[in-house]
Amino acid sequence: MSTFLITGSNRGIGLELCKQIIARGDEVIATCREASSELKKLSLRIEEGVDISSEDSITNLRQKLLGIELDCIIHNAGIYEFNAFDDLDKESIIRQFVVNALSPIFMTKSLKSLLKRSSKIAFITSRMGSIGDNSSGSSYGYRMSKVALSMAAKSLSRDFLKEEIYVAILHPGLVSTRMTGFTKYGISTEESANGLIKRIDSLSRNNTGTFWHANGEILPW
Ligand SMILES: NC(=O)c1ccc[n+]([C@@H]2O[C@H](COP(=O)([O-])OP(=O)(O)OC[C@H]3O[C@@H](n4cnc5c(N)ncnc54)[C@H](OP(=O)(O)O)[C@@H]3O)[C@@H](O)[C@H]2O)c1
């Protein structure tokens, strides 16, 4: 049995990851700012009050988890705010940078001692953070924050190689969640989480640092 820690687990893709991972018999530590009624129904450990952008919050979490070995951290929590060029909002861009790019990396640093040989770290980034795939422009803060996250995750995949800790850089697909206004063009959280878990399961020394779509396609940087 493996132990997963998942951020942003109260709704959307994070909640579905929790459901599928416990359904197959693994343990989940579900972190969130505030637990939802759906999350509370699941048989897992909930750590509430975890704002990934708050240093105090992450230090408290680490204290509570001391002595636990994590097989996998899934950095899922994130925000999207629309920023067109004509309407650039510095605060909004900084907010997205802090939550989407800086927080997962600083949280990894804080929880690093709970990882062991062959542990995995999955960063839920986005195809919108792919420079090669950017055909529609705009969304400055989100795109910049996710490309920064992917770059940091790639560096971690190199830095942690000697410790045999492996890193996945994952796009969940266009998914029908609150983030996308529950778009009818999106795939379900079930399909997305199922693919993400397959990618994490297949992660090894040979493919650490790869940028994948949940469906298995390797994406351009
Ligand atoms: N949906 C898509 O099509 C899509 C596509 C590409 C990438 N992604 C990425 O997939 C991940 C999950 O997105 P989703 O679609 O499931 O979105 P969602 O339904 O909006 O869920 C976002 C989650 O992140 C949490 N969160 C945001 N800021 C946080 C913070 N400072 N501290 C702790 N938790 C925080 C939210 O918690 P609260 O409930 O407390 O706000 C919520 O649980 C995100 O990283 C997103 O960028 C999504």
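List the relative contact order of the chain as a percent without decimals, with contacts defined as Cα pairs under 8 Å and 6+ residues apart.
Details: 449 pairs, mean separation 41.0, N = 221.
The normalised contact order for the chain reaches 19 percent.
May I ask you to evaluate 6.51 cos²θ - 1.76 cosθ + 1.60, the Karplus curve with θ = phi - 60°, for each residue of segment 148-154 and list the ³J(HN,Hα) values in order in whole Hz, giving x for glycine and proline?
5, 4, 4, 5, 5, 5, 5
Of the beta bridges DSSP finds with both residues in the chain, what % are antiparallel, to the nearest 5? It would help to have the intermediate numbers written out before the result.
On the way: 1 of 26 bridges.
If we restrict to bridges inside the chain, about 5 percent are antiparallel.
Taking the number of other C-beta atoms within 10 Å as the exposure measure, put 125, 210 in order starting with the fewest.
Sorted ascending by nearby Cβ count, the order is 210, 125.
In deg cm²/dmol, rounded to 500, what helix-only [θ] at 222 nm does the chain give when every DSSP H run of at least 4 residues adds -39500 (n - 2.57) and the total is split over its residues? The partial results should precede the final answer.
Working: 7 runs with 76 residues, N = 221.
Using -39500 (n - 2.57) per qualifying helix, the result is -10500 deg cm²/dmol.
Whose amide H sits under 5 Å from the amide H of residue 167, counting only residues 5 or more places off or on another chain, with H placed in the peptide plane?
Amide H neighbours of residue 167: 121, 209.
Could you give P(r) for segment 3-213, binned at 5 Å from zero, as whole percent values over all Cα-Cα pairs?
1, 7, 16, 20, 22, 18, 10, 4, 1, 0, 0
Bear in mind these aren't lab numbers, they're just calculated from the coordinates by the rules spelled out. All figures in this text were calculated on a predicted structure; none of them were measured in a lab. Every residue, glycine as well, gets a Cβ built from its backbone with ideal geometry; the counts of neighbours run over all protein chains shown.
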